[in-house]
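Report on the following structure.
The values are calculated or read from the model by the stated rules, or taken from the named source; none is laboratory data. Predicted model only: the values in this text are computed from it and were never measured. Every residue, glycine as well, gets a Cβ built from its backbone with ideal geometry; the counts of neighbours run over all protein chains shown. Note: accessible area is taken over every heavy atom of the protein model, side chains too, but ligands, DNA and RNA are not part of it. Shrake-Rupley method; radii C 1.70, N 1.55, O 1.52, S 1.80 Å.
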Amino acid sequence: MRNESLALAGALLCEAFGPSRARRRGWTHRRPLYRVLVWDGEVLVGNEAGCLVGCDPPIVVHALADAAVREGWRSAGIARAMGALIHEEAIRRGAAAAICHTGSLGPVAAEHRMQPVQPGELYLRRRFRRDLPLVTSWYVRWHGKKVAPLTIDGRV
């Protein structure tokens with residue numbers, strides 16, 4: 001990604017999530033492997049990223065992350081289109097599962113046939129502490145054989 005586009009993506013994420021989470025670097029928790037950018041002329045109006053997530057047992061898991069649509073362009077189907085493209089790319093790259101954590105875009109995740117994570121299905125590995133069960137606002141779509149419990153390395 002060109003530096004100018006990365007800077008604009010970082011600014012959009014700061015606008016959407018606040019500067020403390022996005023830190024103007026173009027992602028919140030994980031560096032993207034691929035991303036969808038939506039432009040209206042010279043204005044970046046949408047950003048969503050796909051990331052590879054380490055996990056145990058070791059399968060190929062992609063996270064859909066950093067979905068943001070600029071205010072004024074929301075409710076125009078941009079998040080739906082970005083999510084579809086990111087999900088297609090995860091499948092193309094051989095993801096056994098795609099996961100995401102979202103508050104307001106839960107209905108969009110469901111439209112992409114992602115299911116809410118069930119108790120005991122997904123955990124977050126924490127150093128020196130017990131693994132944290134992830135349920136609320138987490139979604140998963142299995143493309144291979146379902147592996148549960150699955151413990152991921154770090155937030156997405």
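A compact table of results
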{"item": "Order of exposure, largest accessible area first, which applies to Trp138, Trp39, Trp27, Trp73 with probe 1.4 Å", "result": "Trp39, Trp73, Trp27, Trp138"}
{"item": "Heavy atoms of Asp40: accessible area, 1.4 Å probe, square angstrom to 10", "result": "80 Å²"}
{"item": "Heavy atoms of Arg80: accessible area, 1.4 Å probe, square angstrom to 10", "result": "110 Å²"}
{"item": "Cα-Cα P(r), the chain, percent of pairs per 10 Å interval", "result": "11, 41, 35, 12, 1"}
{"item": "Extension reserve of the Ser20-Glu71 stretch, reckoned as 0.36 nm per residue once the Cα distance is removed", "result": "16.4 nm"}
{"item": "Computed [θ] at 222 nm, helices only, for the chain once each DSSP H run of length n ≥ 4 contributes -39500 (n - 2.57)", "result": "-7500 deg cm²/dmol"}
{"item": "Cβ-based net charge around Leu37, under 15 Å, with every Lys or Arg adding one and every Asp or Glu removing one", "result": "-4"}
